[in-house]
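Where a number appears in this text, it was derived from the coordinates with a stated rule and is not lab data. Bear in mind the structure is a predicted one, so any value in this text is a computation, not a measurement. Neighbour counts run over all protein chains shown; Cβ positions are idealised from the backbone, glycine included.
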C-alpha cells in the first residue's frame, strides 16, 4: 500500500473515512435493533455500512503501519497502533451481528422457523458489539490525537 497520495500521508485520509463509517454503522445497527420502523426503512443498510467499516479497518491499520515506520519511535504511536489493530475484531463482529440480525428480521422472512429468543440474543449481541465498537473507535481516536499533537505545545 502506498504511504502517500498527492504528497499527503494516506493514513489520515483513510482514517477520516473510517471515523465516519464505523460510528455510522454503530448508530444504524443500534437503531435497526431497537426501532422496528427504522429497521423496516433501513433494510440491509446497517449491515452494508458495517461491511464498508470492516473493509476500511484493515486499510487504515495498514496505512498506519506504513506511517509508523516513517516516524521516530514513540510510546504514544505504539499505543495508538495497538488499539488500532484491535478494531478489526470489533468490526468483524459488528458486521456479523448486523448481517445476522437483518437476515433474521428481513421483510418476507419466514419468522416461524426462528425462535424469538434467538432473534433477541442476536439483537442484544449486535447492540453490545456496536457500543463496544464505538468505544474502541473513541479510544483509538483519542490515542491518535495524543500521538499527533503531543509535542505541539513545546
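In degrees between 0 and 90, to the nearest 10, how far off the longest principal axis of the chain does helix 75-105 point, with axes built from Cα atoms?
20 degrees
Summing -39500 (n - 2.57) over the DSSP H runs of n ≥ 4 in the chain and dividing by its residue number, what mean residue ellipticity at 222 nm do you reach, to the nearest 500 deg cm²/dmol?
It comes out at -28500 deg cm²/dmol, rounded to the nearest 500.
Cα-based Rg (one decimal) and Dmax (whole number) for region 4-148, in Å?
Using the Cα atoms of region 4-148, the pair Rg, Dmax is 17.2, 59 Å.
What ranking of 55, 140 emerges when the number of other C-beta atoms within 10 Å of each C-beta is taken as an exposure proxy, fewest first?
So the residues, fewest neighbours to most, are 55, 140.
As I understand it, the value is the acute angle between the Cα axis of helix 10-34 and the longest principal axis of the Cα atoms of the chain; what does it come to in degrees, rounded to 10?
The angle comes out at about 20 degrees.
Enter the angle in degrees (range 0 to 90, nearest 10) between the Cα long axis of helix 116-149 and the first principal axis of the Cα atoms of the chain, meaning the one along which they spread out most.
10 degrees
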